[in-house]
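What follows is a short report on a single structure.
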Amino acid sequence: MAKPRNIELNKQLVQCWYAEDVLHVVSAHLEEFNLVNCTTALHRLAKSSGKQPPRLGKLETDLLQRTVELVRAAGYNCPAQNLANALWACEKLQVKDASLTDALVAAASAAVSDEWRLSTFSGQQLANVVWAAAKISGSRDFKPFAEAVRWRAADLNAQELSMVAWALASTGEAAAEDVEAVATAVRGLHGGGVRTLEAQQLATVAWALAKAACKDTALLEDIARYAPARVSAGEFNAQDLANTAWAFGRLEVKAQELFSRISEAVKDKLGDGDTVADRARASGAAPCFSPQQMSMLSWAFAKVGFRDAGMMLAIVCESTERLASFAPRDLTDIVWALEQLQVRAPKFVNAAGQIAVGKLSNFNTQELMRFMGAFRRAGGDKATQSSMMAVQQKLSYDFPALPGAPTIVLLSETPGERLKPSERRKAKAKASLEDDGDPQRSDGRATGVALWEASFVLAEWLSRQKDGLSTAGEVLKSVPRHCIPKRWRGSVGVELGAGLGLPSIVSAHLGVRMVATDGDAAVLRLLSQNVVTNAPSSGSSGSSAKGSSQLRAETLLWGTEAPLERLALARRPDLLLAADVVYASGTDELTKSLISTMLELTGPSTLVIMGNVQRYPEGHPQGEGRFFKELEAYFESTVLPQHQLHADFQRSGAGSCKVRLLWRRASTAGAPLQISVAAPKKKKRKRAEETSFVAAEVGRLDKKRTKAPGRGVGVDTFDTKKKKTTATTTTTRTKKKKIKTRLDALVGAAACLDRSVAAAPALPRKKRRRPHEAPAGAEPRHPPGRGKAGGRRQPTPVATLAPATSAEPAPARRRKKLRRAAA
């Protein structure tokens, strides 16, 4: 029970409107404060700070420490309101001291994990706790909060649901059923479901669904039904318009009416386009849309295929003078949208290309490849393309957790060079590495000359595992003990598709003897330089052009026989690394080769660590899941939680990075390789009717063809694959016109045939009988030596040997006849 003195202090704090007044009370009576006084003071400080949080001095820090001590002392009996106020205030004040915020988050997690204590939280208190935990700790230990939302979603109002929806989607740790529970609660809101949401709440819920890849069709249909009228009424601001459009684009939901109203609203806000910048400068007002918002709108409209040239040109006019402030991703999305929607803006595209050249070091590899592809297809300047391709960059990365905190410098180039088709076939046939480009890729691209996101994420995570994997946490509970390296020094590792070799370099600095491999000549040149430059100093003189005994680069094509011998390894490695080696353009043959190499290089005690960017939603036919589905027959696996990755890459859904730990199944550790992939589809045979028609038409034209003395002879060629006719002739203009007339007639007849064949029923196929079988209706014949009586051949009446009559010739004779006619 609160003392009268604490009640009086709380009244004084509530009456303070400014931070100075609150701090005056805190400085005078902090030692007398109980938990209610501390959380009230924090709440008033956060409320009075406005948009700019104050710098926390010693007094504010002392108040936070006092609050944490009282929360720990209260333990199980800590009131829900005090926890909610403290966490909410810490986020608003942007407290950076992790020891203080982590203690409050842990106390709140314990409270929401208990069924009885969870029931004591009001809807606003639960929403504040979940929102603050997501902002403070991200995805780390967020699952108790997600489960609490699932159980209490039906008790929340519209504002509270939008807050928890944002929290669930932003952390990436929520399960699908958690987000679905929020969607169900939104549809069941008292007073009309979606109609009760304000514009910002509606946009936030739609954004959360897309971020969490939760395609709740019923809720999306409700939003598409009720949002257009709200958009036309002007209730949506620029961020709401961008979030709503992006959500429907991400989920690929084509809501025509909604996108039509959004485009009209965007044009109304941007105005004439030519005078927008002048009007903004004259009035001193800030631009309506930020670069990110304009790129989100452009990308969303292109994703659903809604073409509004007026809106796109208005965005182009607004963006032209502000291109210098655009981030690489914003540039990429707008240029890609212009190309996809076929809106011509050559001046803007070329200007964006010039800006991209200046910001080339700020592009990540995936963004750069997307930008260059869209820039080329949109008609960008070839000189700009060449300048981007010719740039060679040095990338620097600091890893403070590594011994000695080295700075790793990587030499990289712009990806995307292609092999010519003839060179690609030659490289694939001979496994030659003389030509640039990856011979194992179907498109011949040299993608390993740049650093991909998964390589950095994997390397950064490894750099924090100093003593083997003993510090990896609970994720190793499912990994067999004999597969967990107790210490790095003395272990042997191999990296497949190493690219620039960052994970191999980091592992070598940890003490692993690494072999970085790749199969692309251009990549190997850079890889060898990076290995020599960044190899750890071992004091030995055994270094060469390919590296040292601690770290070396070697050539290895996936599917190569005896990879251990090629890599000069006496035994299978303890560690096998791979980053972004799975991509949508990979064929079944490439998948088989990669799995075969992984099986050859792994033993019962080998740990495989794979990093990969999820480029498609779960279950997508082109997604990376099909590769890992193939691996399930040979490997067991577990996925690292997002909070163990670098803070900048803790995302969910498509675009997130995942790190997997894999180990061989006990039943397949010594089993022979039996990898099955889908067989290629056989080409369909041409219809016999079409072939006979072509032969008849060609024969008819040949009979009518006449040779005039002193003139050339016209030649007609009919291409049955492309359904078109070409004519080459050396005759006069009159002869050419006659030939063109005949060709037009032939094409028209072919078109008529296509329609008639499509409408006609398929002809029944005739079953071919074996030599010893009798025709239909006759007595069965028996092979020699297998007669009815005692194995002796019985005489058969001559009448039963007569072949069955048929109106059609035999299939073999018919095919030969058609081939002769076509020739």
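The values are calculated or read from the model by the stated rules, or taken from the named source; none is laboratory data. A quick note: this is a predicted structure, and the numbers were derived from the prediction, not measured. Don't worry about glycine lacking a Cβ; one is built from the backbone with ideal geometry, like all the others, and counts go over all protein chains shown. In case anyone asks, the SASA skips ligands and DNA or RNA and just uses the protein heavy atoms, side chains included. Shrake-Rupley method; radii C 1.70, N 1.55, O 1.52, S 1.80 Å.
Taking the stretch 401-413 on its own, how many of its residues are open to solvent by less than 70 Å² (accessible area, probe 1.4 Å) and β-branched (Val, Ile, Thr)?
The number of residues fulfilling the criteria is 2.
Specify the residue that is most open to solvent (accessible area, probe 1.4 Å); the eligible residues are those in the stretch 153-182 that are assigned to a helix (DSSP H, G or I) and of a type in the set (S, T, N, Q).
Gln159
If we keep just the residues of the stretch 465-489 that are open to solvent by 100 Å² or more (accessible area, probe 1.4 Å) and within 15 Å of Ser507 (Cβ to Cβ), which is modelled with the highest pLDDT?
Result: Arg489.
Can you list the helices (runs of 4 or more DSSP H) lying wholly within the stretch 42-121 that have 1 or more residues being over 27 Å from Asp155 (Cα atoms) and in contact with a Leu (Cβ under 9 Å, 6 or more places away or on another chain)?
The qualifying helices (runs of 4 or more DSSP H) are 58-74, 98-113.
Can you confirm whether Ala212 is at negative phi and either open to solvent by 10 Å² or more (accessible area, probe 1.4 Å) or basic (Lys, Arg) (or both)?
Judged against the criteria, Ala212 is a match.
I'd like the residue in the stretch 322-341 that is of a type outside the set (A, V, I, L, M, F, W, C) and touching a Pro at 6+ places or on another chain (Cβ under 7 Å) and, out of all such residues, is surrounded by the fewest Cβ atoms within 10 Å (Cβ to Cβ).
In this case the residue turns out to be Ser325.
Which number in (1) at pLDDT below 90; (2) touching a helix residue (DSSP H, G or I) at 6+ places or on another chain (Cβ under 7 Å) marks the one condition that Asp222 misses?
(1)
Just the residues that are more than 27 Å from Ser596 (Cβ to Cβ) and more than 31 Å from the chain's Cα centre (by Cα), please, taken from the stretch 475-508.
Arg481, Lys486, Arg487, Trp488, Arg489, Gly490
Can you confirm whether the stretch 378-400 contains a residue that is at positive phi and open to solvent by 70 Å² or more (accessible area, probe 1.4 Å)?
Looking for residues that are at positive phi and open to solvent by 70 Å² or more (accessible area, probe 1.4 Å), one finds none in the stretch 378-400, hence no.
Looking at the stretch 300-376, what helices (runs of 4 or more DSSP H) fall wholly within it and have at least 1 residues that are under 30 Å from Ala454 (Cβ atoms)?
Because the criterion is at least 1 residues that are under 30 Å from Ala454 (Cβ atoms), the helices (runs of 4 or more DSSP H) in the stretch 300-376 that meet it are 328-341, 346-358.
Working carefully through the options Gly611, Gly603, find the one that is closer than 25 Å to Ser478 by Cα, open to solvent by less than 60 Å² (accessible area, probe 1.4 Å), part of a loop (DSSP other than H, G, I, E, B) and modelled with pLDDT of 85 or more.
Gly603
From the list Arg150, Arg140, exactly one residue is within 26 Å of Asp102 (Cβ to Cβ), open to solvent by 10 Å² or more (accessible area, probe 1.4 Å), not hydroxyl-bearing (Ser, Thr, Tyr) and not in a helix (DSSP H, G or I). Which is it?
Answer to the selection: Arg140.
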